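The structure appears below as structure tokens.
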4 protein chains.
Amino acid sequence: MIKVGIIGSTGYAGGELVRILTGHKNAEIKWYGSRSHLDKKYADVYRNMFQIVDAACMDDDIETLAEQVDVIFTATPQGLCSSLVNEEILSKVKIIDLSADFRLKDVSVYEKWYKITHKSPQFLPEAVYGLCEINREKIKNARLVANPGCYTTCSILSAYPLVKEGLIDTDTLIIDAKSGTSGAGRGAKIDNLFCEVNENMKAYAVGNHRHTPEIEEQLGYAAGEEIVLNFTPHLVPMNRGILVTEYAKLKKEVTYEEVKKVYDKYYGEEKFVRVLEKNVYPETKWVEGSNYTDISFQIDERTNRIIVMGALDNLVKGAAGQAVQNMNLMFGLDEKEGLELIPMFP
Amino acid sequence: MIKVGIIGSTGYAGGELVRILTGHKNAEIKWYGSRSHLDKKYADVYRNMFQIVDAACMDDDIETLAEQVDVIFTATPQGLCSSLVNEEILSKVKIIDLSADFRLKDVSVYEKWYKITHKSPQFLPEAVYGLCEINREKIKNARLVANPGCYTTCSILSAYPLVKEGLIDTDTLIIDAKSGTSGAGRGAKIDNLFCEVNENMKAYAVGNHRHTPEIEEQLGYAAGEEIVLNFTPHLVPMNRGILVTEYAKLKKEVTYEEVKKVYDKYYGEEKFVRVLEKNVYPETKWVEGSNYTDISFQIDERTNRIIVMGALDNLVKGAAGQAVQNMNLMFGLDEKEGLELIPMFP
Amino acid sequence: MIKVGIIGSTGYAGGELVRILTGHKNAEIKWYGSRSHLDKKYADVYRNMFQIVDAACMDDDIETLAEQVDVIFTATPQGLCSSLVNEEILSKVKIIDLSADFRLKDVSVYEKWYKITHKSPQFLPEAVYGLCEINREKIKNARLVANPGCYTTCSILSAYPLVKEGLIDTDTLIIDAKSGTSGAGRGAKIDNLFCEVNENMKAYAVGNHRHTPEIEEQLGYAAGEEIVLNFTPHLVPMNRGILVTEYAKLKKEVTYEEVKKVYDKYYGEEKFVRVLEKNVYPETKWVEGSNYTDISFQIDERTNRIIVMGALDNLVKGAAGQAVQNMNLMFGLDEKEGLELIPMFP
Amino acid sequence: MIKVGIIGSTGYAGGELVRILTGHKNAEIKWYGSRSHLDKKYADVYRNMFQIVDAACMDDDIETLAEQVDVIFTATPQGLCSSLVNEEILSKVKIIDLSADFRLKDVSVYEKWYKITHKSPQFLPEAVYGLCEINREKIKNARLVANPGCYTTCSILSAYPLVKEGLIDTDTLIIDAKSGTSGAGRGAKIDNLFCEVNENMKAYAVGNHRHTPEIEEQLGYAAGEEIVLNFTPHLVPMNRGILVTEYAKLKKEVTYEEVKKVYDKYYGEEKFVRVLEKNVYPETKWVEGSNYTDISFQIDERTNRIIVMGALDNLVKGAAGQAVQNMNLMFGLDEKEGLELIPMFP
């Protein structure tokens, strides 16, 4: 039984970790860290867990924690995880960080986009970017995994085969992303009130969303060259779900079937990426509550562009689900353990 | 492995049966019945099941079905199940009917409220009302189970201990119920369009909703006398969830703690009924996707009334989940098998 | 042109006052009071007003204000208006208070339910309860109007004819109310975040909501005797709208037509109360954005109860619209001026 | 008083025409055409109009109609208006067609995208494309106005100044559009049920939405050359509102201020187009219920692209509001009459 500690267990991503790990056969949560709800019963913070979780919220003292658990998930604001890790901690316990602290290899890019000083850049080379379908082998041996962002996971998985195979002109790549509101977290902000979000839609962080360099870096590895692209996030009146619509010029004429083969090559054996059938497009509802990413594409011969669409649940494959998938890999378990969550409809 | 057939597998309740049974260790769906989607792949009707269910929709020929499966769920409009069952069928296969056909013992009440002629009233005496927490022992030996309605389950479970213990004047019992829209089914009706339901709320079927006699009959058994009450359903702009608010005069002065003890007596050992703590009221979101019914109450000393609130997911404990709970009982399985679904939040 | 000042113009009710008064032919807003957004442009707080309102938010100094305007609307938390009014102010300017400060005649009831000390109980006898359809004549001559609560307006108007005519046993009156989320205001609270409210429903303040004594007092005047009743509010995932469902025993047998006549007697000439046709029930969407209250009822012969339903837009007839209706009456204008807002559908 | 007839008055766009025209000082609806609700009271189809509209739905006999009214709005499926107009009709009455029949000058393009034969192509040269801000003068003298599509209005107005001034490389123009569900109409389709749309988002008609050629044609006029672009619509769980996000490469380096001047040149005097301030992006909620289009843009120096965002209410500026704006122009009225609808928030 893997002993698990969660730092930041009362945010939405933390709550989802608890939901998923509670159903995991080989893991047991030992530590429900939450500074904001210290000593309160966890089930008083998330009443769905009444009579399921009996524990109380604990302080997040990482030294103590490292003695008691095998893996720590940090579902905390940017800058916290990097201020906690050190060699001693990493020698005792594996860390899966759901924040952005270890996602970008270049510390100057991190500091420019996040506007904070990185506390432990020495671990950046070691940290493994935890996009399981792409970095599976590296993840297996990692001590420190940087769990990808929600927008990022969806954006990268959708474009990856095209970029890797050199099918598109990466200069023309545009990602228009739409997200449910749980991505904004459980903080009490006027902008996230029901009456402000409901019956409303808007773009935000246009040209400067922090997931941009993460997408650029990872797709850049696939392309073997630097990529600069447009990424525009939008807020949608729904709880869960990310949908990305990606546009790029095709380098040469290809048929639907040829591109489909490319996607199948990369994802045909993947449990958690579903390449949809022709003319079927992803809908966020079809993946809700599950660890799936659904992907589809359309070639527009009029403009010679390919339009790729991807959908996932931002709290599952976009956060907690992928984190557990990483844990499974790191501990040599069946990658699917605890994650065979069937999407809920309606 | 229990072999399962579903007649009406493409309605919302049928879809939820498929979701739940797909995760059930001891059951296997052999027959995805659907007249309206005959021969279409099931995953083309419910795309959440893509790469999970490979089967196609089949015609619902009950004779063939009875040879091939151990249990049939009928998730069909009123009148269908009663037209299918006969002694031969029941000798071969167990039936769990999610329609109202076998819920009311008095055929004249059925025909009055449902305005159709009952096709097989001879099985009414035998049919067991499948409210597991109340009729557990009878269900275990039943061939034919009448799975309760969604409103009904919530209404009865919330009031049952009060009625059974004679704490309230049943003449004063009023049930004000609120339901998400999936209760209205997947039929294409203008009234259920997004734009008609969203940002809207209304009462409907005031004074004549068909779940009324079902609640009255079952609570009447508990009371040992006939009960006539008001039940008013309302449509709420959400997919899932039923919330009932019940009002009744207390027969004598009782404290919160005394009533709490009564509820604990009936539900303290129940897995799927959670009696909440003082001053915590049920919210539909806290039970979403799960088989729980959450119950709480408040005593109003000013009016000497008790206000009881109950919440459940209409597609799970209000339909498919309870149906599987019944199946587990009928086949001697762990009652919880396949149903340890953790509520999803948010 | 009536010069208007609004104290608390940046809450949801304040914003609705601005929307309505901007379209009012005989009134002009001179003062957009808002402490929380001082000196910010009003249209930066409510961007719907961009290029419509050019003014900035001002401090709410009531002495200065009283010199410059003819009427002040206070859309502020409980306790503020009563701390501002005095004889000098009232001699200069009319006040329409959207808070509860002057709604209850008995100061001890106010202090018990609101748990604050009333700062100017000497004005309670003079204050007129601004439910236009019932107190029209008194309002015309008032200096200080207590604008009714949103739940209250809907609850009282729905039951008033029955109570006034002695048709129901007021001891049996139960009000089950459902409200959109704008009633909770624009404060940044976790409970009102999109993800907490969406796909969710709950009761709250069971047995102790502050609108209870207000309803009891006003219906008590109609009945000519004290009334104690149950009022249970519920939160619904929609922005606007209140729906009340009221239950009471009829004192004697009456027909639908007889009761309809009673409703028509009170509301037949009223512009803003629409008594619906038989078997048509109110829906909040049908009154959205308008000053209407829609009312309908059903007699249940099985239980000898009448079920009355009422719907209004909590920000219009339940707050700002009724406040403007009061202003029109107080200044001798056409009661409908600025209020002929056609409900928006969908 | 302008006498108005509406053919197709019971769709959502028809309903919005009724809402707007009911508040119009110089127009009076004489004919509520609706085949599907023939002889039913209009207020029984749209209960928001109870006690506001007393008329019944009438058959849409255009010959009779042409004798009785000054202007006919056709809010009907594609192909109907073109089957009704002829020289005699047009000599008697002005026609504002909300369908696509007269929007595309090239009949072969119409027939290719709409897959129906055009019944009266002879009127295509005469028909004026009713985008008021661009074709104002032509509209004033038109007999037959083709009211633009909802997506189209938003897409064109947002890009127009950039295209007209040659600031962008039109080959790189991509329009990612998001729409509320009322755009799908009031037809009873499973895809538009509450439970299918709520908590869901998807792209549809990727690469082949019918509004594409309309956008291309109109922007082509502005550019003085043929334009082929990508337009991708998405369905969003809200009733009203369209948001477009447009991407294009800038031909040369320009500053925010320079581009702002260009937008102000075209829209600075326009009542119904609001160019927002720097770093403020459009939200559909801020224009809900009004005739405004809100536009904003951001220059991304990293990619040398401009991202333009536009928002409008699809039923108002995207349909009925613009139709009334056209009527005002055609009859020499104040263009704003009946359209000073203040956006409703929340």
Need a quick list: helices (runs of 4 or more DSSP H) entirely within the stretch D:23-116 having at least 1 residues that are buried (at least 21 other Cβ atoms within 10 Å of the Cβ).
D:42-45, D:62-68, D:80-84, D:107-114
Which residues, taken from the stretch D:172-228, are more than 9 Å from chain A (Cβ to nearest Cβ), in contact with a Gly (Cβ under 9 Å, 6 or more places away or on another chain) and among the charged types (D, E, K, R)?
D:Arg186, D:Arg210, D:Glu214, D:Glu226
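Considering each of A:Ile242, A:Ile306, A:Ile295 in turn, give the residue that is more than 22 Å from the chain's Cα centre (by Cα) and either at positive phi or among the β-branched types (Val, Ile, Thr) (or both). Walk me through how you get there before you give the answer.
Numbers: A:Ile242 fails: more than 22 Å from the chain's Cα centre (by Cα); A:Ile295 fails: more than 22 Å from the chain's Cα centre (by Cα).
When all the criteria are applied, what remains is A:Ile306.
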Does A:Arg136 satisfy the criteria of being more than 14 Å from chain D (Cβ to nearest Cβ), outside any loop (DSSP other than H, G, I, E, B) and surrounded by fewer than 24 Cβ atoms within 10 Å (Cβ to Cβ)?
yes
Would you confirm whether any residue within the stretch B:1-8 is within 17 Å of B:Pro77 (Cβ to Cβ) and in a loop (DSSP other than H, G, I, E, B)?
yes
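Could we say that C:Thr117 is in contact with a strand residue (DSSP E or B) (Cβ under 7 Å, 6 or more places away or on another chain) and either at pLDDT 95 or above or more than 30 Å from A:Leu193 (Cα to Cα) (or both) here? Give the derivation first.
Values: in contact with a strand residue (DSSP E or B) (Cβ under 7 Å, 6 or more places away or on another chain): no; either at pLDDT 95 or above or more than 30 Å from A:Leu193 (Cα to Cα) (or both): yes.
So C:Thr117 fails the test.
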C:Asp334: within 14 Å of chain B (Cβ to nearest Cβ), surrounded by fewer than 21 Cβ atoms within 10 Å (Cβ to Cβ), out of contact with any Cys (no Cβ under 9 Å at 6 or more places or on another chain) and among the acidic types (Asp, Glu), yes or no?
no
Quick one: what pairs do we get from the stretch D:233-260, first residue more than 30 Å from D:Val197 (Cα to Cα), second outside any helix (DSSP H, G or I) and charged (D, E, K, R), C-beta under 6 Å, 6+ apart or different chains?
D:Lys249/D:Asp169; D:Lys249/D:Arg305; D:Lys251/D:Asp169
Within 30 Å of A:Glu301 (Cα to Cα), crowded, with 24+ Cβ neighbours inside 10 Å and not aromatic (Phe, Trp, Tyr), is that true of D:Val228?
no
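So is A:Asp294 at the interface with another protein chain (Cβ under 10 Å from one of its Cβ atoms) and of a type in the set (Asp, Glu) or not? Break it down stepwise before answering.
Numbers: at the interface with another protein chain (Cβ under 10 Å from one of its Cβ atoms): yes; of a type in the set (Asp, Glu): yes.
Spelling it out, A:Asp294 is indeed at the interface with another protein chain (Cβ under 10 Å from one of its Cβ atoms) and of a type in the set (Asp, Glu).
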I'm trying to understand the selection: among the residues of the stretch C:76-99, which are out of contact with any Cys (no Cβ under 9 Å at 6 or more places or on another chain) and hydrophobic (A, V, I, L, M, F, W, C)?
C:Leu80, C:Cys81, C:Leu84, C:Val85, C:Ile89, C:Leu90, C:Val93, C:Ile96
Evaluation of C:Leu235 against (1) within 29 Å of B:Thr284 (Cα to Cα); (2) buried (at least 24 other Cβ atoms within 10 Å of the Cβ); (3) touching a helix residue (DSSP H, G or I) at 6+ places or on another chain (Cβ under 9 Å) (one fails), failing number:
(2)
Determine the pairs where a residue that is under 17 Å from D:Ala13 (Cα atoms), located within the stretch D:69-91, has a partner that is among the aromatic types (Phe, Trp, Tyr) and outside any loop (DSSP other than H, G, I, E, B) with Cβ atoms under 7 Å apart, the partner being 6 or more residues away or on another chain.
D:Gln78/D:Tyr114
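Report yes if some residue within the stretch C:183-200 is under 26 Å from C:Arg305 (Cα atoms) and in contact with a Pro (Cβ under 8 Å, 6 or more places away or on another chain); otherwise report no. So that I can check it myself, show each step before the final result.
Within the stretch C:183-200, the first condition is being under 26 Å from C:Arg305 (Cα atoms), and the residues that meet it are none.
Within the stretch C:183-200, none of the residues are under 26 Å from C:Arg305 (Cα atoms) and in contact with a Pro (Cβ under 8 Å, 6 or more places away or on another chain).
Are any residues in the stretch C:300-310 in a strand (DSSP E or B) and more than 8 Å from chain B (Cβ to nearest Cβ), and if so, which ones?
Here is the first cut: in the stretch C:300-310, the residues in a strand (DSSP E or B) are C:300, C:305-310.
Correct list: C:Ile306, C:Val308, C:Gly310.
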Does C:Thr181 count as of a type in the set (Ser, Thr, Tyr), in contact with a strand residue (DSSP E or B) (Cβ under 8 Å, 6 or more places away or on another chain) and under 30 Å from B:Gly289 (Cα atoms)?
yes
Here the residues within the stretch D:1-37 that are within 14 Å of chain C (Cβ to nearest Cβ), out of contact with any helix residue (DSSP H, G or I) (no Cβ under 9 Å at 6 or more places or on another chain) and either farther than 14 Å from D:Val53 by Cα or among the hydroxyl-bearing types (Ser, Thr, Tyr) (or both) are D:Gly11, D:Lys25
When A:Asp44 is run through (1) charged (D, E, K, R); (2) within 14 Å of another protein chain (Cβ to nearest Cβ); (3) in contact (Cβ under 8 Å) with a residue 24 or more places away in the chain, the failure sits at (3)
Members of the stretch D:229-270 found to be among the acidic types (Asp, Glu), within 14 Å of chain C (Cβ to nearest Cβ) and farther than 15 Å from D:Cys154 by Cβ, listed by number
D:Asp264, D:Glu269
For B:Ile6, the lone unmet condition from (1) aliphatic (A, V, I, L, M); (2) under 19 Å from B:Asp101 (Cα atoms); (3) over 22 Å from the mean Cα position of the chain (by Cα) is (3)
The conditions are (1) more than 30 Å from C:Asp264 (Cβ to Cβ); (2) crowded, with 18+ Cβ neighbours inside 10 Å; (3) out of contact with any helix residue (DSSP H, G or I) (no Cβ under 9 Å at 6 or more places or on another chain), and C:Ser158 fails exactly one of them. Which is it?
(1)
Note on C:Tyr281: of the conditions (1) outside any loop (DSSP other than H, G, I, E, B); (2) facing chain B (nearest Cβ under 10 Å); (3) among the hydroxyl-bearing types (Ser, Thr, Tyr), unmet is (1)
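Taking the conditions exactly as written (at pLDDT 95 or above, out of contact with any Phe, Trp or Tyr (no Cβ under 7 Å at 6 or more places or on another chain), more than 9 Å from chain A (Cβ to nearest Cβ) and assigned to a loop (DSSP other than H, G, I, E, B)), does D:Gly321 satisfy them or not?
Details: at pLDDT 95 or above: yes; out of contact with any Phe, Trp or Tyr (no Cβ under 7 Å at 6 or more places or on another chain): yes; more than 9 Å from chain A (Cβ to nearest Cβ): yes; assigned to a loop (DSSP other than H, G, I, E, B): no.
In short, no.
The values are calculated or read from the model by the stated rules, or taken from the named source; none is laboratory data. It should be emphasised that the depicted structure is a prediction, and the values quoted were computed from it without experimental measurement. Glycine gets a Cβ as well: all are built from the backbone with ideal geometry, and neighbour counts include every protein chain shown.
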